[in-house]
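To keep things clear, I will list the structure first and then write my remarks on it.
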Amino acid sequence: MVSMNDNIDAILSQHRDAKRDSLIPILQEVQESCGFLSREAVLKVAKHLGLPAGKVYGVATFYNQFRFQPQGKFHIQVCRGTACHVKGSAAVLESIKRTLNVEAGQTTRDGLFSLEVVACIGACGLAPVMCVNGEFHAQLSSDSAKDIINNYKKQEVKS
Amino acid sequence: MTMNLNIEVNGKTIQAKSGETVLTALRRAAIQVPTLCYMEDLLPTGACRMCVVEVEGQRNLIPSCAYPVADGMKIKTHSPRVIRARKTVVELLLANHPDDCLYCVRNRNCELQKLAESLGVRERRYTGEKSEHKIDSSSPSIVRDPAKCILCGRCVRVCEEVQGVSAIDFTKRGSKTVVGPAFNEGLNVSSCINCGQCVMVCPTGALREQSYLKEVINALKDPNKYVVVQHAPAVSVTLAEEFGLKPGTDVCGTMTAALRSLGFKRVFDTSFTADLTIMEEASELVHRIKNGGKLPMFTSCSPGWVKFVEEFYPDMLEHVSSCKSPQQMMGAIIKSYFAQKEGIEPGKIFSVSIMPCTAKKFECQRPEMLDNGIPDVDAVLTTRELARILRMRGIELGALAPEGADTPFGERSTAGKLFGATGGVMEAALRTAHFMITGQEMDSMKIQALRGLGGTKISHVKVGPLELGVAVVSGLLNARKLLDDIRAGRKDIHFIEVMTCPGGCIAGGGQPLGTNLDAVRSRMQALYKIDREEPVRTSHTNKWIERLYKEFLGEPLGHKSHELLHTHYAKREAVI
């Protein structure tokens, strides 16, 4: 099996003489390959570029696109774009957070769900909208979002 | 460059140099413009907007720290518009700031509080969500309280641009921004070297020293403890400032009296063990030169520097002297020689040291500094903490008659005292190394090239038949550059003194807050004056050092010395 560290090493070997301006592309590639940025990954990237780990961590946490926990089996993307906002996506997000007991960027302890807040996902006609593993759920309310999540849970228990 | 420009400020003409910033010109003309993120000698960031001024012809207010002067510029520094802007900035900073000034260690010594006061903030116009950050007290030296942080970035910059450590940085974004170590972990597992320069530049109580006052107060009232104290060379020339006296006033005698009235049984002078350090370190240098040991040799008195090498340059550890620092040497001989002499059980002695330094708090807890589980030094207080306990006990320095330190560790040479300033250890060591190699004293004790506040001082000194290349660096970014040169093969330097803090201990992380470079200069001059005026100027002519070797230690680098006064350092894992 190819370990996560091997993946990181492979990515870094393609950026042999990279300087600090390659930091973000490298982090993106690592996340693409590993699903998230582990502590190990941040340390390795920092060492490779000759940057302090704190600086790399600072840059990575600045951007919403980077996550620091592995994705859950169901990855939920809640849209907080303008149209969804107008249609009440703040309440939807709140309801999901409460149902799962996680903050945006986190993964539930059982590893089932991870929550991500995204800007516009281009489905404004369906607002407010969320996307679970590529499946879109339209015109949500606090209650319907909760029901949808519970359905995924049930589906998991059955299988 | 000459003053070639005229600018008009508040209706008066002042002179300026082309290329400088508006703020620099204003400060020279003694026009007070408040700043928060500005740091002398570093590039401006223009982040805080406290220094804004009105410039005729400009639509917006401009940040004076980051704006170049131009001939004929017309500036208003305190117009109603400017004041309103500054006041709004402070009000916004206060919106999510904790309201616990009365309980804050920086009460009455806080830049944010002072600005709010001077700008007349009397009501809460904005209320923000308070941050719920936990206090990080994982480090033995520094406490981090992000709730009080106003994100000025001075700590981040000093850590990166002065010390070359970068243990902390901005993390997250917007209103969620926090200054902290990587992975939001404790400072104790970060690369932090505990130097406390971040504390020195923090405008609020977000960064402060880990205080051990409670432990010291408890020991002082415990009848089963024999509480002794030592004070570092740089403390006596600085403490005065905490009590409103002129910078550079030496209060060694009255401070000794004050320490006695606090209840310390014996008051020892760390400058004595600075002399002892010199005996050991100069011997080590001579030994390395004669026997082809690893050169250049680095000094090891500054615990921030030692941790820095362990983390960032573990391959160079063999170059670091094996001598413990003067604080630890004092601790070690108090609990051995002194305890034996006085018939006190070492475990009953509570050994306190007063240091200009936060890293010393870390140093005394290092496992290498324990002897059979008993620490050489039990608690370290900074100059600031000493001032705090003196105020608490109503002890007025000015009201006391000067007293001398206690034997057998109270008499020092002026060489030992020089440890307080950058270059001092080097001067002291060269005086004794010269005697050890040639059997004669140096013609001139003072080595001008090694004096002053320069960050890197390099010189070549004739010691009998040898010409020694010596370097003195302070501020670890300077040390980093020199280490890289040596790694790359530089060979003309044999002995290097490194002080973690720029300027040495007189500008250490435990010194009074809110002082400036002029004060540091005065402290340095005070040390030089002591060296000029007193008769015993070399460590090897200190009679009490001779006696200590005769009665107890034997000889420098001997068996006893090895056991008590030397140690070894190893590669350290940290998040770097």
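Summary table below
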item	result
The range B:343-401, Cα convex hull volume normalised per residue, Å³	114 Å³
3J(HN,Hα) from dihedral phi, the range A:66-78, Karplus parametrisation 6.51/-1.76/1.60, rounded to Hz, x for glycine, proline	9, 10, 10, 10, x, 5, x, 4, 10, 9, 9, 10, 9
For the protein assembly as shown, size of Cβ-based charge dipole, Lys and Arg +1, Asp and Glu -1, in debye	1620 debye
From the C-alpha gyration tensor of the range B:5-91, square roots of 5λ in Å	19, 16, 11
Accessible area per residue in Å² at 1.4 Å probe, computed on the range B:126-182	42 Å²
Whole-Å semi-axes of the ellipsoid equivalent to the range A:4-62 (Cα gyration tensor, √5λ, descending)	15, 13, 10
1.4 Å probe accessible area per residue over the range B:386-514, in Å²	37 Å²
Estimated FRET transfer efficiency when R0 is 45 angstrom, pair A:Lys154-B:Glu573 (beta carbons, to 0.05)	0.45
Reference-scaled alpha-carbon Rg (2.2 N^0.38 Å with N residues) for chain A	1.17
Dimensionless Rg over Rh [the range B:333-446; C-alpha; Kirkwood]	1.03
Dipole of the protein assembly as shown [Lys/Arg +1, Asp/Glu -1 at C-beta], most positive-end residue of B:Thr88, B:Tyr226, B:Leu42	B:Thr88
Where B meets A: accessible area buried, both sides, 1.4 Å probe, Å²	1200 Å²
Beta bridge orientation in chain B: antiparallel %, DSSP, nearest 5	55 percent
Bins of 20 Å from zero: percent of alpha-carbon pairs in the range B:214-565	33, 60, 7
Zero-based 10 Å bins, Cα pair distances in the range B:247-286, whole percents	25, 33, 26, 15, 1
Protein-protein interface of the range A:49-69, residues with accessible area decrease of at least 10 Å², isolated chain reference, 1.4 Å probe	A:Pro52, A:Ala53, A:Gly54, A:Lys55, A:Tyr57, A:Gly58, A:Thr61, A:Phe62, A:Asn64
Rg to Rh, two decimals, where the protein assembly as shown supplies the alpha carbon set and Rh follows Kirkwood	1.02
Helix-only [θ]222 nm of the protein assembly as shown, DSSP H runs n ≥ 4, -39500 (n - 2.57) each, per residue, nearest 500	-10000 deg cm²/dmol
The range A:74-158: Rg to Rh, with Rh as the Kirkwood radius over Cα pairs	0.94
Among A:Ile11, A:Ala53, A:Val30 - extreme Cα towards positive end, dipole of the range A:4-62, charges at beta-carbon	A:Ala53
Solvent exposure ordering (accessible area, 1.4 Å, most first) of B:His562, B:His434	B:His562, B:His434
Accessible area in square angstrom per residue, the range A:4-62, 1.4 angstrom probe	49 Å²
Accessible area of the protein assembly as shown belonging to carbon and sulfur atoms, whole % at 1.4 Å probe	50 percent
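The values are calculated or read from the model by the stated rules, or taken from the named source; none is laboratory data. Worth saying up front: this structure is predicted, and the values here are computed from it rather than measured. A quick note on method: Cβ atoms are made from the backbone with ideal geometry, for glycine too, and the neighbour counts reach across all protein chains shown. Ligands, DNA and RNA are excluded from the accessible area calculation, which covers all protein heavy atoms including side chains. Shrake-Rupley method; radii C 1.70, N 1.55, O 1.52, S 1.80 Å.
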